[in-house]
Ligand code: SAM
Ligand code: SF4
């Protein structure tokens with residue numbers, strides 16, 4: 001029997017966006033994400049195989065998902081990533097299939113990813129200064145990210161989005177330089193508020209640079225106006241530069257939550273579904289996938305999990321408890 005139906009929750013939100021973490025491992029150690037040492041990596045046998053990932057994605061597509069983003073950890077450190085991209089792209093012609101990456105491997109991999117069917121690329125870069133990059137990412141690899149961005153552009157990916165997490169005391173003074181640089185290069189910049197999802201639980205509100213401050217800094221140097229919203233489920237508030245082309249976005253998950261429009265679910269590298277980044281509960285799909293469940297049964301379990309999707313996160317509530325697993329394990 002063919003699978004039908006949509007993934008809807010008690011608030012009437014419909015899931016359209018699946019984020020798949022293909023590995024929890026990474027070749028950087030960004031201070032807002034991971035400790036310098038001692039990360040508890042998942043054992044390899046717990047990672048979903050490409051076949052398991054593709055099967056799960058197929059069920060999601062049959063239930064109304066229209067976009068898949070590969071993330072991690074650092075997705076490009078998973079061996080044979082272009083092979084997985086090809087397997088997913090083959091599921092549905094025209095599928096919106098994207099990746100969020102730190103860019104280190106894009107110089108070597110952009111063409112293979114494009115040829116395999118990847119449609120969009122987001123690259124994370126928090127500073128334009130090599131010394132600061134070393135401080136933030138704890139690796140001296142700034143130039144590889146720049147080379148990766150250029151390779152992605154040469155490979156024809158458009159738009160290329162750049163994600164920058166701001167932390168007070170590290171890079172809040174780079175709001176305007178990053179914006180000018182991205183605009184000049186033709187990249188679409190997204191500033192991201194630091195979220196309480198770091199593995200070492202060092203997050204603090206004092207270190208977070210709020211959207212209000214980001215927009216004030218931007219507005220002083222580069223007058224902005226709200227841009228037309230194409231995708232109401234997208235987390236970024238988008239702005240246009242008043243003096244010409246280009247856009248910039250702010251993802252203000254903490255100070256301006258957008259839970260009411262959230263249309264995403266996340267599959268962790270070890271096959272757990274999370275219906276909110278900040279959820280304390282995970283639904284074990286690896287067990288179902290490895291335990292002989294049919295596609296119908298997996299669809300039923302998924303519909304039940306989505307039905308219970310959290311109405312909103314509690315980061316601004318005194319009762320908030322940070323999830324034990326951080327962003328890199330969940331799939332940012
Ligand atoms: N390694 C890839 C990368 O860095 O792009 C993909 C995974 S990373 C977890 C996805 C995005 O989440 C990146 O843009 C990263 O900067 C961001 N991120 C990581 N930890 C964060 C945190 N605690 N708060 C806000 N954003 C975070
Ligand atoms: Fe790695 Fe991305 Fe986390 Fe940085 S943000 S440590 S690149 S997973």
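The values are calculated or read from the model by the stated rules, or taken from the named source; none is laboratory data. Keep in mind that what you see is a predicted model, and the values were worked out from it rather than measured. Methodologically, a virtual Cβ is constructed for each residue, glycine included, from the backbone with ideal geometry; neighbour enumeration extends over all protein chains shown.
Checked against the criterion of being away from ligand 1 (no atom under 16 Å from the Cβ), outside any strand (DSSP E or B) and under 17 Å from the mean Cα position of the chain (by Cα), region 18-34 contains not a single residue that satisfies it. Of everything listed in (1) within 16 Å of ligand 1 (Cβ to nearest atom); (2) out of contact with any strand residue (DSSP E or B) (no Cβ under 6 Å at 6 or more places or on another chain); (3) part of a loop (DSSP other than H, G, I, E, B), the single unmet condition for residue 48 is (1). In the set (1) surrounded by fewer than 23 Cβ atoms within 10 Å (Cβ to Cβ); (2) within 16 Å of ligand 2 (Cβ to nearest atom); (3) under 24 Å from residue 304 (Cα atoms), the condition left unmet by residue 70 is number (1). Filter region 78-100 down to the residues that are within 14 Å of ligand 1 (Cβ to nearest atom) and touching a strand residue (DSSP E or B) at 6+ places or on another chain (Cβ under 6 Å), then identify the one that is nearest to residue 137 (Cα to Cα). Filtering region 78-100 for residues that are within 14 Å of ligand 1 (Cβ to nearest atom) and touching a strand residue (DSSP E or B) at 6+ places or on another chain (Cβ under 6 Å), the one nearest to residue 137 (Cα to Cα) comes out as 100. Being over 22 Å from residue 255 (Cβ atoms) and either away from ligand 2 (no atom under 16 Å from the Cβ) or free of Cβ contacts under 8 Å to residues at least 40 places away in the same chain (or both) is a property that residue 183 has.
Among the residues of region 271-284, those identified as surrounded by fewer than 20 Cβ atoms within 10 Å (Cβ to Cβ) and either under 19 Å from residue 297 (Cα atoms) or at pLDDT 90 or above (or both) are 281, 282, 284. Taking strands (runs of 3 or more DSSP E) as the structural unit, those lying wholly within region 246-321 and holding at least 1 residues that are touching a residue at least 60 places away in the same chain (Cβ under 8 Å) and under 30 Å from residue 182 (Cα atoms) correspond to 247-251, 264-267. Being more than 19 Å from residue 92 (Cβ to Cβ), away from ligand 2 (no atom under 16 Å from the Cβ) and surrounded by fewer than 19 Cβ atoms within 10 Å (Cβ to Cβ) is the filter here, so list the residues in region 10-59 that pass it. Those that are more than 19 Å from residue 92 (Cβ to Cβ), away from ligand 2 (no atom under 16 Å from the Cβ) and surrounded by fewer than 19 Cβ atoms within 10 Å (Cβ to Cβ): 10, 11, 12, 43, 44, 45, 46, 49.
Residues in region 84-124 that are more than 16 Å from ligand 2 (Cβ to nearest atom), modelled with pLDDT of 95 or more, part of a loop (DSSP other than H, G, I, E, B) and surrounded by fewer than 21 Cβ atoms within 10 Å (Cβ to Cβ): 90, 91, 92, 95, 117, 119.
The set of residues in region 222-245 being touching a residue at least 40 places away in the same chain (Cβ under 8 Å) and within 20 Å of residue 167 (Cα to Cα) consists of 236 alone.
Out of 145, 176, one residue alone is free of Cβ contacts under 8 Å to residues at least 60 places away in the same chain and either within 12 Å of ligand 1 (Cβ to nearest atom) or closer than 24 Å to residue 105 by Cα (or both). It is 145.
Are there any helices (runs of 4 or more DSSP H) wholly within region 125-198 with 3 or more residues that are touching a strand residue (DSSP E or B) at 6+ places or on another chain (Cβ under 8 Å), and if so which? Because the criterion is at least 3 residues that are touching a strand residue (DSSP E or B) at 6+ places or on another chain (Cβ under 8 Å), the helices (runs of 4 or more DSSP H) in region 125-198 that meet it are 142-154, 175-185.
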